[in-house]
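Scroll down for the structure; my scribbles are underneath it.
All of the numbers you see were taken from the coordinates with simple rules; none came from a lab. Computed from a predicted structure; not experimentally measured. Methodologically, a virtual Cβ is constructed for each residue, glycine included, from the backbone with ideal geometry; neighbour enumeration extends over all protein chains shown.
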């Protein structure tokens with residue numbers, strides 16, 4: 001615009017000078033008219049060859065600066081300038097097609113990432129989150145992408161934040177929540193504009209690991225049951241024969257004691273077999289509050305006088321699809337574990353509610369807290385911290401809840417209260 005202004009000002013000055021000269025010297029110098037016409041023609045040619053191409057270049061710069069790849073430059077009628085215009089328009093077409101292709105690829109990749117069962121979290125060059133997909137929100141318990149954007153991974157509102165951010169770049173680790181769910185977390189990077197962009201992938205291992213664990217302990221339990229029952233059957237037959245022929249009271253007592261131990265061993269093995277024989281749930285629509293209310297007399301009867309049990313039902317507007325007898329067995333086992341964790345006076349609270357269309361059940365106690373070392377082993381088959389425990393209670397609970405497709409966790413909060421939290425879809 002400045003060049004055009006100065007050109008017009010120069011043209012006006014030249015025209016004014018020639019005009020004044022023609023007024024005062026026309027009679028003596030008639031050729032001034034010719035000079036006047038040639039000056040005007042020269043100015044027109046100068047405008048077309050310099051100023052107009054210059055304005056076209058400025059216009060092209062403005063289009064690039066605004067990233068406007070839909071408009072084109074118009075030829076100015078000057079050969080060299082028109083070559084630049086043609087080249088510019090060709091480059092703009094290529095940029096537009098490349099941009100369109102990138103947008104289509106980005107849209108496809110975003111759709112692919114959002115529909116992926118793996119959790120994906122992308123970081124910017126400063127290490128802050130710029131993208132997180134639905135699967136990672138579901139895995140970590142984050143309400144939505146907006147709750148994560150602009151944060152560092154370790155600042156995410158989830159108990160997995162520290163575990164995710166602790167994975168070194170270029171490595172993978174298996175991490176787990178407070179329940180049976182396990183995930184493999186990958187910390188990887190790719191190059192963009194010559195710099196590394198980091199991202200995390202979370203792959204669920206729960207289902208395949210559960211199948212492998214279940215297959216392993218089912219095989220062990222069945223083998224143990226078969227061998228022990230067959231052996232004990234023969235031993236008991238011999239003991240009965242000896243008992244019938246024994247004429248010594250002391251020997252009879254020894255035989256009876258051995259027979260009693262055989263019965264207890266068979267019962268011990270049978271208790272393990274119950275985990276394998278958990279029936280498939282026969283679901284029905286049930287009111288969770290009514291189901292728990294019907295259990296209260298039994299639950300209060302199984303706890304000592306030093307432990308109080310409170311029930312705080314929430315306002316649940318819908319029923320849940322559950323096997324009532326199996327869920328009652330789950331509640332009994334959880335309350336039993338809570339009682340065993342309390343030494344002296346204690347308090348157990350059973351509460352229910354609904355959140356985001358999920359009906360939840362929470363059983364809390366103020367007994368011994370769960371340590372970090374123990375939390376990593378919870379729900380593992382045969383793991384127990386009890387002196388005479390068999391490690392079957394939590395295994396049975398997780399088996400039943402998984403067959404109900406329920407989400408659950410067991411952990412101690414910072415206030416020392418331990419919560420067993422269950423969510424039914």
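A simple spin-label model places pseudo-atoms 7 Å from Cα toward Cβ; at residue 236 and residue 294 they are separated by 3.4 nm. Taking the number of Cβ atoms within 10 Å of each Cβ as an exposure proxy, the fewest-first ranking of 421, 187 is 421, 187. Take the alpha carbon gyration tensor of segment 284-424, find the square roots of its eigenvalues, order them as a ≥ b ≥ c, and report rounded if a/c is under 1.5; if not, report prolate when a/b exceeds b/c, else oblate. Note, shape of segment 284-424 comes out prolate.
A straight chain from residue 93 to residue 107 at 0.36 nm per residue would run longer than the Cα-Cα distance by 3.0 nm. Counting beta carbons within 10 Å around each of 190, 424 and listing the fewest first gives the order 190, 424. Each Cα pair under 8 Å and six or more residues apart adds its sequence gap; the mean of these over the residue count of segment 284-424 is a relative contact order of 23 percent.
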